[in-house]
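Q: Dropping a structure here in structure tokens format, bear with me for questions.
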Amino acid sequence: MDGIYTPTNVTAIINSQTVLPTASSTGTFGSNTDYTIFANGNYLVQFLDPTTSGNLTSTNTLFELNKYYTVIGYNDHTAGTYHQLVLTDKPTTVLPNAQLRVVNVATGTGTVDVYVTASGADISGAAPTASAVAVADTSQPYFQESANTYEVRVTPTGTKTVIADQTITVTGNKVNTLVIMNDSAGHTVVTPLIEHQF
């Protein structure tokens, strides 16, 4: 997934194979792709500036047989550097519901609480759906939601001050990742769902 807001477009490469952009995904901020199949082994994962071919961030990552992964490239808004986050996905669904998890790469925002509610619901007395989600935390569990439209609100941990507000539509029988990022102005944003069906 491209969580890099500058440059405007990126190229993601795994062992010299381009996985982003694709025919259906542009490689712009917030875009993602479906899975690419690789054999078990260590792989060089790179996010490049397509204009200069310069390397923005690269890691050597072990991809294991019969496992699914999501890789997010993102800006460190405070340091002006680039990073990657590798997530191990959960290829199971609980019919008729969907699985949803929250990932935070908003380095300029810090630890957040996330509320996934009916549209317009009052969160003043509500517990967060996902609480104290730290930047680059890969251990956030999945939770279940029924197929529906929801309002997602992000607050600094321990407060009810909404710093990002986004409507999402969750489809049953799918595994979803909701990513919290910073945009080029430093605002906290919620990206469209990374959505997979197994």
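Q: What about Ala185, is it free of Cβ contacts under 8 Å to residues at least 12 places away in the same chain, more than 14 Å from the chain's Cα centre (by Cα) and closer than 18 Å to Tyr74 by Cα?
A: Judged against the criteria, Ala185 is a match.
Q: Out of the range 172-186, which residues are surrounded by 13 or more Cβ atoms within 10 Å (Cβ to Cβ) and under 23 Å from Ser25 (Cβ atoms)?
A: Correct list: Asn173, Lys174, Val175, Asn176, Thr177, Leu178, Val179, Ile180, Met181, Asn182, Asp183.
Q: Follow-up question, since we're still on this one. When you scan the range 146-166, how many residues do you find that are among the β-branched types (Val, Ile, Thr) and at pLDDT below 95?
A: Within the range 146-166, residues that are among the β-branched types (Val, Ile, Thr) and at pLDDT below 95 number 0.
Q: Can you find, within the range 57-68, the residue that is nearest to the chain's Cα centre (by Cα) among those that are outside any strand (DSSP E or B) and in contact (Cβ under 8 Å) with a residue 12 or more places away in the chain?
A: Of everything passing the filter in the range 57-68, Tyr68 is nearest to the chain's Cα centre (by Cα).
Q: Only one residue in Gly125, Gly73 is part of a loop (DSSP other than H, G, I, E, B) and either surrounded by 15 or more Cβ atoms within 10 Å (Cβ to Cβ) or not assigned by TED's automatic domain parsing to the domain that holds Tyr43 (or both), so which one is that?
A: Gly125
Q: Find the strands (runs of 3 or more DSSP E) located wholly in the range 5-56 whose residues include 3 or more that are in contact with a Phe, Trp or Tyr (Cβ under 8 Å, 6 or more places away or on another chain) and surrounded by 14 or more Cβ atoms within 10 Å (Cβ to Cβ), and list them.
A: Values: elements: 11-14, 17-20, 41-48.
Of the strands (runs of 3 or more DSSP E) lying wholly inside the range 5-56, those with at least 3 residues that are in contact with a Phe, Trp or Tyr (Cβ under 8 Å, 6 or more places away or on another chain) and surrounded by 14 or more Cβ atoms within 10 Å (Cβ to Cβ) span 11-14.
Q: Which condition number does Thr109 fail, the rest of (1) at pLDDT below 95; (2) surrounded by 19 or more Cβ atoms within 10 Å (Cβ to Cβ); (3) touching an Asp or Glu at 6+ places or on another chain (Cβ under 9 Å) being met?
A: Condition not satisfied by Thr109: (3).
Q: Give the residue, chosen from Val152, Val114, that is crowded, with 17+ Cβ neighbours inside 10 Å and touching a residue at least 40 places away in the same chain (Cβ under 8 Å).
A: After applying the criteria, what remains is Val114.
Q: If you don't mind, there's one more thing I want to ask. I'd like the residue in the range 132-147 that is surrounded by 15 or more Cβ atoms within 10 Å (Cβ to Cβ) and in a strand (DSSP E or B) and, out of all such residues, is nearest to the chain's Cα centre (by Cα).
A: Val133
The values are calculated or read from the model by the stated rules, or taken from the named source; none is laboratory data. Treat the numbers as computed from the prediction; the structure is a model and nothing was measured. Neighbour counts run over all protein chains shown; Cβ positions are idealised from the backbone, glycine included.
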